[in-house]
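Before any comments, here is the structure.
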Amino acid sequence: MQNLQLLLQAPVFNIQLLLDGMFIGAVFALAAFGMALVWGVMNIINVSQGEFVMLGGFITLMVVQAGLSPLLGIPVAAVVLFVLGWALYRGIIWRIVEADMFTSLLATFGVSIMLQQLMNEIFGADVRTVESGLGIWFLFDGMVTVTQIKVLAFVLSFVIGLALWLFLKTARLGQAIRATAQNARAARILGIDTDRVYAATYAINAALCGAAGALVVMAWSIHPYMGLPYTLRSFMIVIVAGLGNLAAVISAGLGLGVAEQFAGFILGAEFQLAFVFLLLVAVLVARQVMLARKRQYLK
Amino acid sequence: MREWQAQDRPLLEVKNVTKRFGGVVANRNISLFVERGTIVGLIGPNGSGKTTLFNSIVGAHPIDEGEIWFDGREISRYRTAQIARMGLMRTFQQTHIFGKMTCIENMLISMPERRRQLRDLFSPGSRADRARAVDLLQFVGLYSKRHHLAGSLSFGQQKLLEFAMALMSEPKMLLLDEPTAGINPTLINGLVDRLRRTNAELGITLLVIEHNMRVIMNLAEYIYCLAHGELLAAGPPEEIRNDQRVIDAYLGAS
Amino acid sequence: MNRRLRHISALTALFAIGLVGPWLMPAYISQFAQLWLFIVLALSWDIMGGQTGYNSFGNIIYFGIGMYASAVAQVGVVWPVADYTAAKGGGTEFVFTAEQIYTGLALGIPLGGLLAMAAAIVFGALLLGMRGHYFAIATLGLAVAIAELAAGWDYIGAGSGMVTPTLPQEIEGPVLFYYLSLALAVLAILFYAWLYSTRFRLAINAIRDDEDKAEALGHHTTRNKMTAWAISALFTGMAGAIYGNLSGFIDPHDIAFNAEIGVWMILMAILGGKGTLWGPIIGAIVFFVSKELFWTYLLGWQRVALGLLIVIIVVFFPEGIMGWVRSRWPHLFAAPHLDGDEGNAAAAATDERKEAANA
């Protein structure tokens, strides 16, 4: 608890943690937005969400190894993941859209193990990062450092989230996605190719995660086994924020990022993950208690 | 409004019950009672709050105002399972049965929980229980299906199974939510006959939601009619049949 | 041959193979010991996932708790545990006599099971109100959280783990642990066979099929779920206790709370057929034998194959081997039931006629 005293004595550390938390929180929100999309439209909880983020990071790594600018990794990762997401849908996911939740949970869990072990075989289990080439800002006489790539990650997460929201509101495919989410059978009767809508939804989700992964590898770091915490963070954010509420997803994401930074600092970095998972359980238990109080799940 | 006929309190008594969902008032200030051993009907157009009232009575959700008395106890704070164990059982409009278990198993698992000890749970169940389960399946006409998975039955058969399950649990009172909906019309007379025998031979008090006017007028000795969440009329069948407010409500004039 | 007889002869054959197995193939005794434990794990997952309809990703918690509890008890009857784990690798001064080993095991294995059971009751109070995927994900989160916490706890060796007591010369480790595993498996199989012959199976199947209805019938659903989970934890914990000794070394991530073993439990039950007694047993045997045969040829790619295997089994064979057998040879399952009503089969015919008469 020494660190807690440190926070009280030197308030400027709080600012550092707050900023770091918000930067990473925006990326969490981006992945969560994708999860909410897939959950809402296809009724699938995509456990391989975190692995898509991880893949986005490794693709950016490859872009850099090819001698290109790391920033180029963001669109490249998004495009590659879009294709992969589409392929995964055509290969596996379409079979489980109609299945019960546990089947889809387990099947996407299988996909996540496959992807994580594949990357482990190819790149090894080491922690990787990519130098973005952007600079650092020093605030408060150098007491607070802000790497510009984190700011970029923050801003881009917002921009991408907003773009997706606009797409769902206005574009033809976006409207088809929303119609399918509300009532797939009615959408089919109206001539919407729901199978294609599902494929697009899953691919868009993968692309979002890919972009998030590219930002993560530049601003923070990646490794093959990083996926599950990202998946569960997305899940937590969606549960708290609900499906289809962009502002709530962003605030929940930022809140989680900040809470995690403070917990990691106060409890020690080795307990940061334990904190995330216990928080997830706590959130689910709290939700349960609230539901039980209402006592109206019987139809 | 009628008064209780018998000396003791009625078996079920709903007093000034109000239930809101957000801003919508599903039940407003509803009072009714059902005496031991009678068959009472509950009618009303779609969306008039009949099923909500059932849900309130069996403890599926808390009520906002009022009291519900069953068998001498105020039950509006009780949970579903507790109320069921007191002997107040309901069937569902959309059937709820255990699809991956056979009909016999469905029956055996519906035995009255209130008389059970924990150790009964860890015994194979007696021959007498099985015999009773078979008898009741025969009573509802599902004897030949007894080893079939309940999920493989037709909708109407599932309703009959659910009814048999309710009987198996030896309730004091049954709330039936549209027992004839989805049942083959040629079988409805048989069902009405069974409901009557349930009441007369087994002594089970019935409160029945029903849309089929011919059935309910035949079956019930007293009828309550809801409209827009409020109690519109109450009386014996012939009175209700000729009540202008009831007719208007059904024709959508009110 | 009727169903009951078939059932008993299959069990007898299984146990007979178990007893003589080590003499036939002495080189594989440790693998066979593992197989028996895996059967226990699959059966114990299935009582929740298959019979009660609560798909847990968290059974590995009880495996790990049982393992650590037993190891700590085994060490603790002789030496101060903190000193023992601080010495890493055990150190040469920590010697155990045969008697101490037996005492430790006799104490540790039941303790491992009971502690796991206690944990299940605590976690159950928190989690068993959740339905469907919320329960699945909550158990997954809890499992990872507990692995992380164990990795930070110095008393049990933190991230670097601890070794189980080193056996003295006169004890043949593999043989001892083989028969312990066999004994546990026999106990578990007979227990589950008995349990599924009682009304308790109907009560938890009712929860699986329609929990709201079970509640509406007045069942004590919470108590029944809790009982099932506690039983599951008890056997999983004891299996963990033996597994730790079999392995000789325990660490949080690779052995005790190994997420991979957590997935295997589910996979074995689904592969064999959820919600049956024989499904998890057959699933465990098929999975384990094929894993041992092919795993080594896959070099580093086993885990990729594991992921692929999950997808294939879940997507293409959700009903498992038993489900396939049931649809292929339905007469094996056509239950000449125990209701003792076959005599009045004629009533079946009158059923429809009465129906028509009533109409």
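The values are calculated or read from the model by the stated rules, or taken from the named source; none is laboratory data. Every value quoted in this text rests on a predicted model; they were computed, and no experiment measured them. Cβ coordinates were reconstructed from backbone atoms using ideal geometry, including for glycine residues, and neighbour counts include every protein chain displayed. Side chains included, ligands, DNA and RNA excluded: accessible areas come from the protein's heavy atoms. Shrake-Rupley method; radii C 1.70, N 1.55, O 1.52, S 1.80 Å.
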Exercise for the section: Go through (1) within 30 Å of B:Ser154 (Cβ to Cβ); (2) in a strand (DSSP E or B); (3) among the β-branched types (Val, Ile, Thr); (4) out of contact with any strand residue (DSSP E or B) (no Cβ under 6 Å at 6 or more places or on another chain) one by one and return the number of the condition B:Ile97 breaks. Expected result: (2)
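With respect to A:Lys299, is the statement that it is away from chain C (no Cβ under 12 Å) and either on the phi > 0 side of the Ramachandran plot or modelled with pLDDT under 85 (or both) true? Show your work before the answer.
Values: away from chain C (no Cβ under 12 Å): no; either on the phi > 0 side of the Ramachandran plot or modelled with pLDDT under 85 (or both): yes.
It is false that A:Lys299 is away from chain C (no Cβ under 12 Å) and either on the phi > 0 side of the Ramachandran plot or modelled with pLDDT under 85 (or both).
Evaluate the stretch A:70-93: report whether one residue or more is small (Gly, Ala, Ser) and surrounded by fewer than 16 Cβ atoms within 10 Å (Cβ to Cβ).
Narrowing the stretch A:70-93 to residues small (Gly, Ala, Ser): A:73, A:77-78, A:85, A:87, A:91.
Retained after the next criterion (residues that are surrounded by fewer than 16 Cβ atoms within 10 Å (Cβ to Cβ)): A:87, A:91.
There is at least one residue in the stretch A:70-93 that is small (Gly, Ala, Ser) and surrounded by fewer than 16 Cβ atoms within 10 Å (Cβ to Cβ).
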Problem - Residue list for the stretch B:150-159, restricted to those being more than 10 Å from chain C (Cβ to nearest Cβ) and not aromatic (Phe, Trp, Tyr) - result: B:Ser152, B:Leu153, B:Ser154, B:Gly156, B:Gln157, B:Gln158, B:Lys159
Completion exercise
With criteria (1) within 9 Å of chain C (Cβ to nearest Cβ); (2) open to solvent by 40 Å² or more (accessible area, probe 1.4 Å), A:Pro229 comes up short on (2)
Problem - Residue check for B:Arg85: out of contact with any strand residue (DSSP E or B) (no Cβ under 9 Å at 6 or more places or on another chain), within 12 Å of chain C (Cβ to nearest Cβ) and not hydrophobic (A, V, I, L, M, F, W, C) - result: yes
Exercise for the section: Can you run down the residue pairs with Cβ atoms below 6 Å, 6 or more apart or on separate chains, where the first is in the stretch A:143-154 and farther than 14 Å from A:Ala26 by Cβ and the partner is open to solvent by less than 40 Å² (accessible area, probe 1.4 Å)? Expected result: A:Met143/A:Val12; A:Val144/A:Gln16; A:Gln148/A:Gly135
Exercise for the section: With respect to A:Gln288, determine if the residue is in a helix (DSSP H, G or I), open to solvent by 10 Å² or more (accessible area, probe 1.4 Å), among the polar types (S, T, N, Q) and within 14 Å of chain C (Cβ to nearest Cβ). Expected result: yes
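Just to be sure I understand, how many residues within the stretch A:79-111 are in a helix (DSSP H, G or I), free of Cβ contacts under 8 Å to residues at least 24 places away in the same chain and within 12 Å of another protein chain (Cβ to nearest Cβ)? Steps first, answer last, please.
Step one: list which residues in the stretch A:79-111 are in a helix (DSSP H, G or I), which gives A:79-91, A:93-95, A:101-111.
In the following step, the residues that additionally are free of Cβ contacts under 8 Å to residues at least 24 places away in the same chain were identified as A:87, A:91, A:95, A:102-103, A:106-107, A:110.
If we keep only those that are within 12 Å of another protein chain (Cβ to nearest Cβ) as well, we get A:91, A:95, A:102-103, A:106-107, A:110.
Matching residues across the stretch A:79-111 total 7.
So that you can scan it fast, the table gives a plain yes or no per residue for (1) of a type in the set (A, V, I, L, M, F, W, C); (2) within 17 Å of the chain's Cα centre (by Cα); (3) assigned by TED's automatic domain parsing to the domain that holds B:Gly151:
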{"site": "B:Lys19", "(1), (2), (3)": "no, no, no"}
{"site": "B:Asn27", "(1), (2), (3)": "no, no, no"}
{"site": "B:Gly44", "(1), (2), (3)": "no, yes, no"}
{"site": "B:Asn55", "(1), (2), (3)": "no, yes, no"}
{"site": "B:Gly59", "(1), (2), (3)": "no, yes, no"}
{"site": "B:Phe70", "(1), (2), (3)": "yes, yes, no"}
{"site": "B:Glu105", "(1), (2), (3)": "no, no, yes"}
{"site": "B:Ser110", "(1), (2), (3)": "no, yes, yes"}
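Considering the stretch C:238-266 alone, what residues qualify as being closer than 28 Å to C:Ile8 by Cβ and open to solvent by 10 Å² or more (accessible area, probe 1.4 Å)? I'd like the intermediate steps shown before the answer.
Restricting attention to the stretch C:238-266, the residues satisfying the condition of being closer than 28 Å to C:Ile8 by Cβ are C:238-239, C:242, C:265.
Residue satisfying the conditions is C:Met238 alone.
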Practice task
List every residue pair whose Cβ atoms sit under 8 Å apart, with the two residues 6 or more apart in sequence or on different chains, where the first one lies in the stretch B:31-54 and is without any contact (Cβ under 8 Å) to a residue 60 or more places away in the chain and the second, anywhere, is of a type in the set (Asp, Glu).
Solution key: B:Phe33/B:Glu13
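For every residue, the table says whether it meets (1) in contact with a Leu (Cβ under 7 Å, 6 or more places away or on another chain); (2) more than 14 Å from chain A (Cβ to nearest Cβ); (3) over 19 Å from C:Ala10 (Cβ atoms).
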{"residue": "C:Leu246", "(1), (2), (3)": "no, yes, yes"}
{"residue": "C:Gly275", "(1), (2), (3)": "no, no, no"}
{"residue": "C:Val286", "(1), (2), (3)": "yes, yes, no"}
{"residue": "C:Phe294", "(1), (2), (3)": "no, yes, yes"}
{"residue": "C:Gly307", "(1), (2), (3)": "no, no, yes"}
Exercise for the section: Of the numbered conditions (1) open to solvent by 10 Å² or more (accessible area, probe 1.4 Å); (2) within 12 Å of another protein chain (Cβ to nearest Cβ), C:Ala269 fails exactly one; give the number of that condition. Expected result: (1)
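Yes/no matrix, rows are residues, columns are (1) of a type outside the set (Val, Ile, Thr); (2) surrounded by fewer than 21 Cβ atoms within 10 Å (Cβ to Cβ); (3) not in a loop (DSSP other than H, G, I, E, B):
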{"site": "B:Ala131", "(1), (2), (3)": "yes, yes, yes"}
{"site": "B:Phe139", "(1), (2), (3)": "yes, yes, yes"}
{"site": "B:Ser144", "(1), (2), (3)": "yes, yes, yes"}
{"site": "B:Lys159", "(1), (2), (3)": "yes, no, yes"}
{"site": "B:Glu162", "(1), (2), (3)": "yes, no, yes"}
{"site": "B:Met165", "(1), (2), (3)": "yes, no, yes"}
{"site": "B:Leu176", "(1), (2), (3)": "yes, no, yes"}
{"site": "B:Pro179", "(1), (2), (3)": "yes, no, no"}
{"site": "B:Asn189", "(1), (2), (3)": "yes, yes, yes"}
Exercise for the section: Answer with yes or no whether A:Thr145 is within 14 Å of chain C (Cβ to nearest Cβ) and among the polar types (S, T, N, Q). Expected result: no
Handout entry: Check on B:Lys100, open to solvent by 60 Å² or more (accessible area, probe 1.4 Å), more than 8 Å from chain C (Cβ to nearest Cβ) and touching a residue at least 24 places away in the same chain (Cβ under 8 Å)
Key = no
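When you look at B:Pro112, is it free of Cβ contacts under 8 Å to residues at least 60 places away in the same chain and either under 24 Å from B:Ser56 (Cα atoms) or out of contact with any Pro (no Cβ under 9 Å at 6 or more places or on another chain) (or both), yes or no?
Judged against the criteria, B:Pro112 is a match.
Within the stretch A:119-142, is there a residue that is within 14 Å of another protein chain (Cβ to nearest Cβ) and in contact with an Asp or Glu (Cβ under 9 Å, 6 or more places away or on another chain)? Reasoning before the result, please.
Restricting attention to the stretch A:119-142, the residues satisfying the condition of being within 14 Å of another protein chain (Cβ to nearest Cβ) are A:119-125.
Then drop every residue that is not in contact with an Asp or Glu (Cβ under 9 Å, 6 or more places away or on another chain), which leaves A:119.
Looking through the stretch A:119-142, at least one residue is within 14 Å of another protein chain (Cβ to nearest Cβ) and in contact with an Asp or Glu (Cβ under 9 Å, 6 or more places away or on another chain).
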Practice task
Report yes if some residue within the stretch A:251-262 is surrounded by 20 or more Cβ atoms within 10 Å (Cβ to Cβ), closer than 27 Å to A:Val83 by Cα and either more than 14 Å from chain C (Cβ to nearest Cβ) or at pLDDT below 90 (or both); otherwise report no.
Solution key: yes
Handout entry: Candidate set from the stretch C:181-236 (those that are outside any helix (DSSP H, G or I) and not polar (S, T, N, Q)); member that is farthest from the other protein chains (Cβ to nearest Cβ)
Key = C:Tyr196
Exercise for the section: Grab the helices (runs of 4 or more DSSP H) fully contained in the stretch C:68-171, keeping just those with 2 or more residues being surrounded by fewer than 19 Cβ atoms within 10 Å (Cβ to Cβ) and within 14 Å of chain A (Cβ to nearest Cβ). Expected result: C:98-127, C:132-150
Fill in the blank from the handout: (1) surrounded by fewer than 24 Cβ atoms within 10 Å (Cβ to Cβ); (2) out of contact with any Pro (no Cβ under 8 Å at 6 or more places or on another chain); (3) of a type outside the set (Gly, Ala, Ser) all hold for C:Arg199 apart from (2)
Exercise for the section: Would you mind stating whether C:Tyr192 is open to solvent by 20 Å² or more (accessible area, probe 1.4 Å) and of a type in the set (Ser, Thr, Tyr)? Expected result: no
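For the stretch B:17-81, which fully contained strands (runs of 3 or more DSSP E) count at least 2 residues that are surrounded by fewer than 20 Cβ atoms within 10 Å (Cβ to Cβ) and away from chain A (no Cβ under 12 Å)? Full working, then the answer.
On the way: elements: B:24-34, B:39-43, B:65-70.
Ranges flagged: B:24-34, B:65-70.
Okay, residues lined up against (1) hydroxyl-bearing (Ser, Thr, Tyr); (2) modelled with pLDDT of 90 or more:
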| position | (1), (2) |
| --- | --- |
| A:Glu51 | no, yes |
| A:Ala87 | no, yes |
| A:Leu105 | no, no |
| A:Arg128 | no, no |
| A:Ser132 | yes, no |
| A:Leu139 | no, no |
